[in-house]
Amino acid sequence: MRPIQMVDTHTQYHKIKSEVDKAVIEVMESSAFINGEPVRKFAANLSNYLGVKHSIPCGNGTDALQIAMMALGFQPGDEVITPSFTYIATTEVIALLKLTPVFVEVDPKTFCINPSEIEKAITPKTKAIVPVHLYGQAAPMEEIMEIARKHQLFVIEDNAQATGCDYFFKDGSKKKTGTIGHIGATSFYPSKNLGAFGDGGAIFTNDDDWAVKLRMIANHGQSKRYYHDVVGCNSRLDTIQAAILDIKLKHLDEYAAARRKAADHYDKAFAGNQKIRTPFRAPYTNHVFHQYTLILEGVDRDGLNKFLAERNIPSMIYYPVPGHRQKMFEHFNTASKEMPVTDWLTERVISLPIHTEMDEEQLNFIENNVLEFVNK
Ligand SMILES: *Cc1c(COP(=O)(O)O)cnc(C)c1O
């Protein structure tokens, strides 16, 4: 059996190696390492794939979120509503910009922000909602956009884990996640569904004015060369990364299908087990399975993690400490916040290996070992 990894970017690379190597060498030969033609080409192809007017490449997903919040002109002390149950990058940039993160609960079924909890958290200082499409499944955007309209709030989608995911609206139309809110942000970190061979990110919007602003902020607030109108930052996608991403974008739907196939295999193996809750699939979206995350009930979760590790099966806890319990947010008195759903999930979730290169033998081996421990 091939060794099992949480993600197998190496095998994936070897399937497209000749194309990728050629593209990388072309960039090296052109020596246009910054803002070379592949950056423009990839952004155009990505916009086309997502069905969004503007894709603005940047340095990473964290920058993408930060630049989005800078472009919308939030002021220190403004409140931004976000789930506590997410990766730290989502919430860290809020605090970095001297805004106040307001943590709300997620729906334990979808792991995404719970719309009815959003309404309760809105105050006169609230400026935005940042839903996270956690583990590769869309947050309930239709409800979130409705709340935002009602209260005149901005919505910035954290699409770092869900590139390629579709959202199906009640009227039968569909959109890609990251293009539904006012601004979307994503990451091309190597393990993400569309992963570079290094860092990368992008920002999305359908609004021409915001697009200008986002582009400017990502480039030192520059309107034309050496004229800097607003305070920005330096956040770029390397040409080499853009060239690689442009190749991988063509395979993205097939990658999502491979991840879903692995998820289906797991679902089938664990179906009916009283102690294992397999990922819920919300009817309004198609999960792209950035992670395959179980909820364990009445199982020693950390014991399972160790048991699997002894059999060379990696598993991960995403995330062991939710936002409202992070030390960096202590001064917001977040630790005193009652978040029973988030705490409950934090103690029970475990993510199994899932990627585009999993084979039957690996899946069976993982499943058998999980079941052996759980049914002990
Ligand atoms: C990965 C990730 C980010 C940050 O992306 P980077 O490219 O690593 O900066 C933000 N939010 C979520 C939910 C993520 O998973």
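The values are calculated or read from the model by the stated rules, or taken from the named source; none is laboratory data. Being a predicted model, the structure only gives us computed values, none of them experimental. Methodologically, a virtual Cβ is constructed for each residue, glycine included, from the backbone with ideal geometry; neighbour enumeration extends over all protein chains shown. Protein only, heavy atoms only, side chains kept; ligands, DNA and RNA dropped before computing areas. Shrake-Rupley method; radii C 1.70, N 1.55, O 1.52, S 1.80 Å.
If you take the residues of the stretch 308-330 that are small (G, A, S) and surrounded by 15 or more Cβ atoms within 10 Å (Cβ to Cβ), which of them is farthest from L296 (Cα to Cα)?
Narrowing the stretch 308-330 to residues small (G, A, S): 309, 315, 323.
Keeping just the survivors that are surrounded by 15 or more Cβ atoms within 10 Å (Cβ to Cβ) gives 315, 323.
Values: S315: 13, G323: 21 Å.
Filtering the stretch 308-330 for residues that are small (G, A, S) and surrounded by 15 or more Cβ atoms within 10 Å (Cβ to Cβ), the one farthest from L296 (Cα to Cα) comes out as G323.
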Notebook entry, point to check: If F204 passes every condition in (1) part of a loop (DSSP other than H, G, I, E, B); (2) open to solvent by less than 30 Å² (accessible area, probe 1.4 Å); (3) within 15 Å of the ligand (Cβ to nearest atom); (4) touching a His at 6+ places or on another chain (Cβ under 9 Å) but one, which one does it miss?
Noted result: (1)
Next item on the list: Filter the stretch 171-197 down to the residues that are in contact with an Asp or Glu (Cβ under 7 Å, 6 or more places away or on another chain) and open to solvent by less than 50 Å² (accessible area, probe 1.4 Å), then identify the one that is nearest to the ligand (Cβ to nearest atom).
Entry: A185
Margin query: Restricting to the stretch 254-270, name every residue that is out of contact with any strand residue (DSSP E or B) (no Cβ under 9 Å at 6 or more places or on another chain) and under 13 Å from V374 (Cα atoms).
Written below: A269
Notebook entry, point to check: Do we have any residue at all in the stretch 291-311 that's out of contact with any helix residue (DSSP H, G or I) (no Cβ under 9 Å at 6 or more places or on another chain), polar (S, T, N, Q) and in contact (Cβ under 8 Å) with a residue 24 or more places away in the chain?
Noted result: yes
Check: So, of the residues in the stretch 28-47 that are over 28 Å from the mean Cα position of the chain (by Cα) and closer than 20 Å to D199 by Cβ, which turns out to be surrounded by the fewest Cβ atoms within 10 Å (Cβ to Cβ)?
Finding: M28
Check: Of the residues that make up the stretch 228-239, is at least one surrounded by 19 or more Cβ atoms within 10 Å (Cβ to Cβ) and more than 16 Å from the ligand (Cβ to nearest atom)?
Finding: yes
Checklist line | Total residues in the stretch 331-345, condition open to solvent by 30 Å² or more (accessible area, probe 1.4 Å), touching a residue at least 40 places away in the same chain (Cβ under 8 Å) and not in a helix (DSSP H, G or I) | finding: 1
Check: Which condition number in (1) in a helix (DSSP H, G or I); (2) buried (at least 16 other Cβ atoms within 10 Å of the Cβ) is the one that I25 fails?
Finding: (2)
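For residues that are in a loop (DSSP other than H, G, I, E, B) and more than 16 Å from the ligand (Cβ to nearest atom), scanning just the stretch 111-141, find the one that is most open to solvent (accessible area, probe 1.4 Å). Walk me through how you get there before you give the answer.
Narrowing the stretch 111-141 to residues in a loop (DSSP other than H, G, I, E, B): 111-112, 114, 122-125, 130-131, 133, 137-140.
Add one more test, that the residue is more than 16 Å from the ligand (Cβ to nearest atom), and what stays is 114, 122-125, 140.
Working: N114: 37, I122: 38, T123: 55, P124: 136, K125: 114, P140: 12 Å².
The qualifying residue most open to solvent (accessible area, probe 1.4 Å) is P124.
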Next item on the list: Output the residues belonging to the stretch 48-81 that are without any contact (Cβ under 8 Å) to a residue 12 or more places away in the chain and either within 18 Å of the chain's Cα centre (by Cα) or at positive phi (or both).
Entry: G73
Next item on the list: Check the stretch 142-160 and report whether any residue there is buried (at least 17 other Cβ atoms within 10 Å of the Cβ), out of contact with any strand residue (DSSP E or B) (no Cβ under 7 Å at 6 or more places or on another chain) and in a loop (DSSP other than H, G, I, E, B).
Entry: no
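Counting residues that are small (G, A, S), which helices (runs of 4 or more DSSP H) fully inside the stretch 227-313 reach at least 3? It would help to see each step written out before you state the result.
Values: elements: 239-249, 252-270, 301-310.
Once the helices (runs of 4 or more DSSP H) in the stretch 227-313 are filtered for at least 3 residues that are small (G, A, S), what remains is 252-270.
Under the condition of being touching a helix residue (DSSP H, G or I) at 6+ places or on another chain (Cβ under 6 Å) and open to solvent by 10 Å² or more (accessible area, probe 1.4 Å), which residue from the stretch 57-66 is nearest to the ligand (Cβ to nearest atom)?
First pass over the stretch 57-66, keeping only residues touching a helix residue (DSSP H, G or I) at 6+ places or on another chain (Cβ under 6 Å): 57-58, 62, 65-66.
If we keep only those that are open to solvent by 10 Å² or more (accessible area, probe 1.4 Å) too, we end up with 57, 62, 66.
Details: P57: 12, T62: 3, Q66: 9 Å.
Looking at the filtered set, the residue picked out is T62.
Kindly indicate which of I354, I350 is within 25 Å of the chain's Cα centre (by Cα) and assigned to a loop (DSSP other than H, G, I, E, B).
On the way: I350 fails: assigned to a loop (DSSP other than H, G, I, E, B).
On inspection, the qualifying residue turns out to be I354.
How many residues are of a type outside the set (S, T, N, Q) and either more than 20 Å from F365 (Cα to Cα) or buried (at least 20 other Cβ atoms within 10 Å of the Cβ) (or both) if we restrict to the stretch 266-293?
The initial filter retains those residues of the stretch 266-293 that are of a type outside the set (S, T, N, Q), namely 266-272, 275-277, 279-284, 287-290, 292.
Still in the list and also either more than 20 Å from F365 (Cα to Cα) or buried (at least 20 other Cβ atoms within 10 Å of the Cβ) (or both): 266, 276, 279-284, 287-290, 292.
Of the residues in the stretch 266-293, 13 are of a type outside the set (S, T, N, Q) and either more than 20 Å from F365 (Cα to Cα) or buried (at least 20 other Cβ atoms within 10 Å of the Cβ) (or both).
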Next item on the list: Return the residue satisfying two criteria in turn: it lies in the stretch 67-81 and is more than 10 Å from L214 (Cα to Cα) and surrounded by 24 or more Cβ atoms within 10 Å (Cβ to Cβ), and of such residues it is farthest from the ligand (Cβ to nearest atom).
Entry: I81
Check: Conditions: (1) within 26 Å of V27 (Cα to Cα); (2) open to solvent by 70 Å² or more (accessible area, probe 1.4 Å); (3) at pLDDT 95 or above. I244 meets all but one. Number of the miss?
Finding: (2)
